[in-house]
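Student: Attaching a single structure in structure tokens format; questions to follow.
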Amino acid sequence: MALDIEKIKSDLTEDLKAALSLEALEAVRIKYLGKKGMLQDIYAGLATASIEEKKLIGKSANEIKLLAETLISAQKETLGAQQKSGDAIDVTIPGARYSLGTKHLINQTVEEICDVFECLGFVIQRGPEIESEFHNFSALNIPLDHPSRDSFDTFYLDQEDPDAKGRYLLLRSHTSPGQVRVMKQFKPPMAVIIPGKVYRPDAVDASHSFMFHQIEGLLVDKQVSFADLKGLLTAFCKQYFGEDVKMRFRPHFFPFTEPSAEVDIQSNIFKGRAGKWLEILGCGMVHPKVFESAGYPRGEYSGLAFGMGVERIAMLKHGIGDIRTFVENDTRFLKQF
Ligand code: DAH
């Protein structure tokens, strides 16, 4: 019994080439290694062979067995991997969509408001969120016993002010300290707008948050009057809320302006609030004490100042009922704007 080992090897290689599925490969395995396969036939033939033949054929048979096992298992791995990656590609599945985010409504509102003032000649300045008691209160003529200084109304840091022994740093509770910082840095005439975050330890509800945004305005020159303040804020309200906006300046008290007022408006754009006066900002003429804090010579300058809450304005303009929606990161809310 002669065994043409080279022929068997080339047959096996051909068979494997043609076996392009796991089923076809299994058929090849059965053909060569199965119970009724080629190798079993060879072993069966050995029974009648001479000892010399047995040695020769046995050696060749083992060689074939090893080769078949190695090639078949390698092919099996390749086909398995192909099938797996083939399964993962479902060409009918819609492609992955990457949605581009949008600017947050608060940032949009800050930009829109600043744009109006920039068109009127104001420049944007920023102040620090961690402030000294001096800039947040004293420099603004807010007395030591004023309730807003209380730790119930202001977040104090556990860090002493390096410039004032025994006084602690705090998170600014309004953007007004920016007024003093800007005045210390520049000489009039100046017209600046200071947007930014402010912090107050308020209990959070639909209209209060421990962090919100304000925009501060300050104009200082030689002969600034309350008429300038009215004219400026009227121009802003008409531009921002529409020509038909109605305004009223209601007398109020702020320690850092004298006289001071709050501005209320009525506008058709406020859904469901028609005919209601809504407070949108505080304003007034810069108090002489504030000029003094900035180191300006007495009686030399006059100025106007105002401050508004961004969340409140965005809520009025877009009919939003709950301030918490701004920070909840619910994209169903955010992507509406
Ligand atoms: N800082 C005030 C607040 O947080 C708002 C304000 C009122 C700012 C009057 C001003 C101003 O500049 O003149 O309630």
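Student: Give the carbon-plus-sulfur fraction of the accessible surface of the chain in %, rounded to a whole number; probe 1.4 Å, heavy atoms of protein chains only.
Tutor: Here carbon and sulfur together make up 55 percent of the probe-accessible area.
Student: Points 7 angstrom from Cα along the Cβ direction at residue 328 and residue 120: gap in nanometres?
Tutor: Label at residue 328, label at residue 120, 3.4 nm between them.
Student: Between segment 307-334 and segment 1-47, how far is it from one alpha carbon centroid to the other, in angstrom?
Tutor: With segment 307-334 and segment 1-47 each reduced to a Cα centre, they are spaced 76 Å.
Student: Could you pull the Rg and Dmax for segment 5-87, using just the Cα atoms, both in Å?
Tutor: Cα only, segment 5-87: 14.8, 53 Å (Rg, Dmax).
Student: For segment 202-301, which chymotrypsin sites (Phe, Trp or Tyr not before Pro) are both in a DSSP coil and crowded by at most 16 other Cβ atoms within 10 Å?
Tutor: Hits after loop and neighbour filter: 210, 277.
Student: On a full-extension model of 0.36 nm per residue, what is the gain between residue 30 and residue 160, subtracting their alpha-carbon distance, rounded to one decimal in nm?
Tutor: In short, 38.3 nm is gained.
Student: Using a Cα-Cα cut-off of under 26 Å, which lysines could be cross-linked to residue 65, ignoring same-chain neighbours fewer than 8 residues away?
Tutor: Within reach: 7, 9, 17, 31, 35, 36, 54, 55, 76.
Student: Still on this structure, I have one more. Calculate the FRET efficiency for residue 145 and residue 99 from the Cβ-Cβ distance with a Förster distance of 51 Å, rounded to the nearest 0.05.
Tutor: About 0.45, to the nearest 0.05.
Student: For the pair residue 279/residue 21, report the inter-label distance in nm, with labels modelled 7 Å from Cα in the Cβ direction.
Tutor: Distance between label points: 7.9 nm.
Student: On average, how much accessible surface per residue is there in segment 5-87, in Å², for a 1.4 Å probe, leaving out ligands, DNA and RNA?
Tutor: Solvent-accessible surface per residue comes out at 68 Å².
Student: Also, quick follow-up: Nothing charged except the Cβ atoms of Lys and Arg (+1) and of Asp and Glu (-1): what's the magnitude of the dipole of segment 105-334 about its Cα centre? Round to the nearest 20 debye.
Tutor: The calculation lands at about 520 debye.
Student: Segment 121-168: which GluC sites (Glu not before Pro) are DSSP loop and have at most 14 other beta-carbon atoms within 10 angstrom?
Tutor: Answer by residue number: 129.
Student: A further question follows. So which of 271/335; 238/335; 230/335 end up more than 31 Å apart by C-alpha?
Tutor: From 271/335; 238/335; 230/335, over 31 Å: 230/335.
Student: How far is helix 226-241 tilted, in degrees, relative to the longest principal axis of the Cα atoms in the chain, given as a value from 0 to 90 rounded to the nearest 10?
Tutor: 30
Student: Give a quick list of GluC sites (Glu not before Pro) in segment 229-337 that DSSP marks as loop, anything other than H, G, I, E or B, with at most 11 other Cβ atoms within 10 Å.
Tutor: Qualifying residues, ordered by number: 243, 300, 328.
Student: Given labels modelled 7 Å from the Cα in the Cβ direction, how far is it in nm from residue 222 to residue 74?
Tutor: Taking the simple label geometry, residue 222 and residue 74 are separated by 9.5 nm.
Student: In addition: Roughly how many debye, to the nearest 20, is the charge dipole of segment 164-293 about its Cα centre, given +1 on each Lys and Arg Cβ, -1 on each Asp and Glu Cβ, and no other charges?
Tutor: Taking the Cα centre of segment 164-293 as origin, the dipole is about 320 debye.
Student: Continuing with this model, one more query. Using +1 on the beta carbon of Lys and Arg, -1 on that of Asp and Glu, and nothing else charged, what's the dipole of segment 110-174 about the Cα centre, debye to 20?
Tutor: So the magnitude is around 220 debye.
Student: Okay, next question. Which Rg and Dmax, in Å, describe the Cα atoms of the chain?
Tutor: According to the Cα coordinates of the chain, Rg and Dmax are 41.2, 129 Å.
Student: Would you calculate, for the chain, the mean residue ellipticity at 222 nm contributed by helices, counting each DSSP H stretch of 4 or more residues as -39,500 (n - 2.57) and dividing by all residues, to the nearest 500?
Tutor: Rounded to the nearest 500, the figure is -12500 deg cm²/dmol.
Student: How much length is gained on full extension from residue 335 to residue 107, taking 0.36 nm per residue of separation minus their Cα-Cα distance?
Tutor: Length gained between residue 335 and residue 107: 80.7 nm.
Student: Calculate, for residue 83 and residue 10, the FRET efficiency according to 1/(1 + (r/R0)^6) with r their C-beta to C-beta distance and R0 22 Å; round to the nearest 0.05.
Tutor: 0.20
The values are calculated or read from the model by the stated rules, or taken from the named source; none is laboratory data. Note that the structure is a prediction, hence the values are computed from the model and not measured. Heads up, the Cβs are rebuilt from the backbone with ideal geometry, glycines too, and the neighbour counts pull from every protein chain shown. Quick note on the areas: whole protein, heavy atoms, side chains included, nothing else; ligands and nucleic acids left out. Shrake-Rupley method; radii C 1.70, N 1.55, O 1.52, S 1.80 Å.
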